[in-house]
Amino acid sequence: MTLPPPLVRKTLLILTAGVAIVWALLVVLSQRPGEVGLVHGALQGCEDPDRAIGSQIAAADARVDPLYVGPDLDRAWAQLEALIERGGPMQLRAADHDWMALTWRSMPWGITDDIEVLRLQGAGILHVRSASRLGALGFGTHRTALEHLRNQLSQAMAETDGP
């Protein structure tokens, strides 16, 4: 059974409008700021991997490895700051000496997630946390955001390594 051309056009128009409305709602909902900040000197926890993942979260399915940067912790921190200054999907939201909060906007969807980084002096580790502002509706973009950060920092560190 084939639909008459005007009905096909109308059906496609309705479907396209529906998808556009859902996408717009997700983008608008992801604009509200998530909760960030240290709790007793550590990144906030969360037991729901659809909501947040991090290197200081106890739940196994929400835990990720920290960024191991070795003895060049200050150089890694400077590289991270340089990555943020370059623009792109990461924007600085707040910072102090050993902690920073970023927002990350996924492309092409435009969904905003929150990333936090905590520098542990003397340990050679950057603890990380990425939180979805939309939970399961964020389609795992918070995990993608953290992998993007990990890859970008690793690449920047490799490019500045001496011979």
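Within region 10-35, track down each residue that is at pLDDT 65 or above and closer than 13 Å to R133 by Cα.
Listed by number, the residues that qualify are L25, E35.
Here is a list of conditions, (1) surrounded by 20 or more Cβ atoms within 10 Å (Cβ to Cβ); (2) within 18 Å of Q152 (Cβ to Cβ); (3) of a type in the set (V, I, T), and I111 meets all of them except one; can you say which number that is?
Evaluating I111 over (1) surrounded by 20 or more Cβ atoms within 10 Å (Cβ to Cβ); (2) within 18 Å of Q152 (Cβ to Cβ); (3) of a type in the set (V, I, T) leaves (2) as the failure.
For region 37-74, name all the residues that are within 16 Å of E147 (Cα to Cα) and free of Cβ contacts under 8 Å to residues at least 12 places away in the same chain.
Within region 37-74, R63, D65 meet the criteria.
State which residue is surrounded by the most Cβ atoms within 10 Å (Cβ to Cβ) when the search covers only region 60-77 and only residues that are closer than 13 Å to R129 by Cα and hydrophobic (A, V, I, L, M, F, W, C).
If we take residues in region 60-77 being closer than 13 Å to R129 by Cα and hydrophobic (A, V, I, L, M, F, W, C), then L67 is surrounded by the most Cβ atoms within 10 Å (Cβ to Cβ).
The values are calculated or read from the model by the stated rules, or taken from the named source; none is laboratory data. Everything numeric here is computed off the predicted structure, so don't read it as measured data. Here Cβ is always computed from backbone atoms with ideal geometry, including for glycine, and neighbour counts include all displayed protein chains.
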